[in-house]
Each structure stands twice: as C-alpha cells, then as structure tokens.
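These notes concern the structure reproduced below.
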Amino acid sequence: MFWRKKKKQKFFFKANDDVLSFCQCENAPAMSEAQLDCPWCGCGWMIACSKCTKSFVFAEVRETDIPLIELGRREAAARGLKTVTERDIAEWAEGMAETLDKFEVGDIVVYLDGAYWTVDSTDVQFDGYYASHKFDRLPHAEALDDQPRLRQILGEKQYWFDRKRPDRE
Ligand SMILES: [Zn+2]
Ligand SMILES: [Zn+2]
C-alpha cells in the first residue's frame, strides 16, 4: 500500500543519568540484557548502552525508524560477536518485539533479573533468571528519592544469595 508510512517501531533508549550511570552518551539505543552469574554487579539490574556498552538505570520506550533487525546487527557488532547468523538476529528481533509489546511509547523502564518493568510498577513478584523477587515498589524507583538504596539492595551479593532460585545449583 503506497500510502503507508515507513514503519516505525518501539525500542529502549537511554532516558537519563538518574541515580547511577556509567554511560555519558545521550539518547543512545539500549542493548538487550546480557546478564551473567554476577547479577549484583549491575548486569542484573542496569541496562547497557549500545554505543559505549556502559550501564545506566533508566530507559525510555521511544519510536525509531531503525528496524529491529538492524539494531540486532549493531548490537552483535558492538558486543564483538563474530559468529552470529542472520537467523540468530531474526530470533533476537522476535524476542525483543515481544518484550517491547508490553510497553507504550514514553514509558520509563528498568531492568531486573531477566525482565523489564515500568519504573512505577507496584507489587512486583516474580522468579527471575537468578532469584525470586518480591517488591512493593522497585528499588530503582525508591532510589529516585534515596539514591544509595538501589545499590544497598540489588548491589549486595547477599540479597541475591538469600533469594536464589532453588533450581539454580
Ligand atoms: Zn554481573
Ligand atoms: Zn553510552
């Protein structure tokens, strides 16, 4: 249909440097999660920048003209992945589309242990990649009024050990 505008779609972009940020870029697209076995270091509760690969806390859902497939290719390049196939990227794009589907443009989003949440989410209870969590309000949101709180909770190994999922050895 020739009247159809170029397709726009949603993606996570860096929102700001609030609370904690190692990234100095502005408006950069986020990278998808790459959580390791050390979620307390930040990989379990921060979001990485696709330009400098450093982390920040708050992402905003924005519209972009860049297709997900292209964002996936750029991310693979930024991560230095040499063996990624077009099929891997297509699967990544499909997974991202599903994740993004839950959000509206303008939502401020944070990451925790395998899942993305709007920062004002309440009664957050779920089993993440590493641990089982239960929060009235997310520590990311509480940290907006009490900056150290985020690290005091999610930056502590003990928090994660105490809540480790039983199916993780
Ligand atoms: Zn880590
Ligand atoms: Zn950056």
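The values are calculated or read from the model by the stated rules, or taken from the named source; none is laboratory data. Here the structure is a predicted model, which means the values were calculated and not measured. Cβ coordinates were reconstructed from backbone atoms using ideal geometry, including for glycine residues, and neighbour counts include every protein chain displayed.
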Taking the range 82-140 and keeping residues among the charged types (D, E, K, R) and closer than 24 Å to residue 37 by Cα leaves 82, 88, 91, 113, 127, 134
Can you name the residue in the range 18-55 that is in a strand (DSSP E or B) and within 9 Å of ligand 2 (Cβ to nearest atom) and is also nearest to the chain's Cα centre (by Cα) among such residues? 48
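Is it fair to say residue 77 is more than 16 Å from ligand 1 (Cβ to nearest atom), assigned to a helix (DSSP H, G or I), modelled with pLDDT of 95 or more and surrounded by fewer than 15 Cβ atoms within 10 Å (Cβ to Cβ)?
Working: more than 16 Å from ligand 1 (Cβ to nearest atom): yes; assigned to a helix (DSSP H, G or I): yes; modelled with pLDDT of 95 or more: no; surrounded by fewer than 15 Cβ atoms within 10 Å (Cβ to Cβ): yes.
Spelling it out, it is not the case that residue 77 is more than 16 Å from ligand 1 (Cβ to nearest atom), assigned to a helix (DSSP H, G or I), modelled with pLDDT of 95 or more and surrounded by fewer than 15 Cβ atoms within 10 Å (Cβ to Cβ).
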Failed condition for residue 72, given (1) within 16 Å of ligand 2 (Cβ to nearest atom); (2) buried (at least 16 other Cβ atoms within 10 Å of the Cβ): (1)
Every listed condition ((1) surrounded by fewer than 13 Cβ atoms within 10 Å (Cβ to Cβ); (2) farther than 23 Å from residue 150 by Cα) holds for residue 88 save (1)
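Quick one: in the range 95-117, which of the residues that are of a type in the set (Gly, Ala, Ser) and at positive phi is surrounded by the fewest Cβ atoms within 10 Å (Cβ to Cβ)? Steps first, answer last, please.
Restricting attention to the range 95-117, the residues satisfying the condition of being of a type in the set (Gly, Ala, Ser) are 95, 97, 106, 114-115.
Applying the additional criterion that residues be at positive phi yields 106, 114.
On the way: 106: 9, 114: 15.
Ranking the qualifying residues of the range 95-117, first place goes to 106.
Sort through 153, 89 and tell me the only one that's free of Cβ contacts under 8 Å to residues at least 40 places away in the same chain, in contact with a Gly (Cβ under 7 Å, 6 or more places away or on another chain) and among the β-branched types (Val, Ile, Thr). Break it down into steps so the answer makes sense when it comes.
Working: 153 fails: in contact with a Gly (Cβ under 7 Å, 6 or more places away or on another chain).
The conditions single out 89.
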Could you list all residues from the range 1-17 that are within 14 Å of ligand 2 (Cβ to nearest atom) and either of a type in the set (Ser, Thr, Tyr) or assigned to a loop (DSSP other than H, G, I, E, B) (or both)? 15, 16, 17
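Quick one: in the range 118-133, of everything that is assigned to a strand (DSSP E or B) and not polar (S, T, N, Q), which residue is surrounded by the most Cβ atoms within 10 Å (Cβ to Cβ)?
Restricting to residues being assigned to a strand (DSSP E or B) and not polar (S, T, N, Q), the top hit is 131.
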Here is a list of conditions, (1) within 26 Å of residue 78 (Cα to Cα); (2) within 17 Å of the chain's Cα centre (by Cα), and residue 89 meets all of them except one; can you say which number that is? (2)
Going residue by residue through the range 40-59, is there one that turns out to be within 16 Å of ligand 1 (Cβ to nearest atom), at pLDDT 95 or above and over 22 Å from residue 107 (Cα atoms)? yes
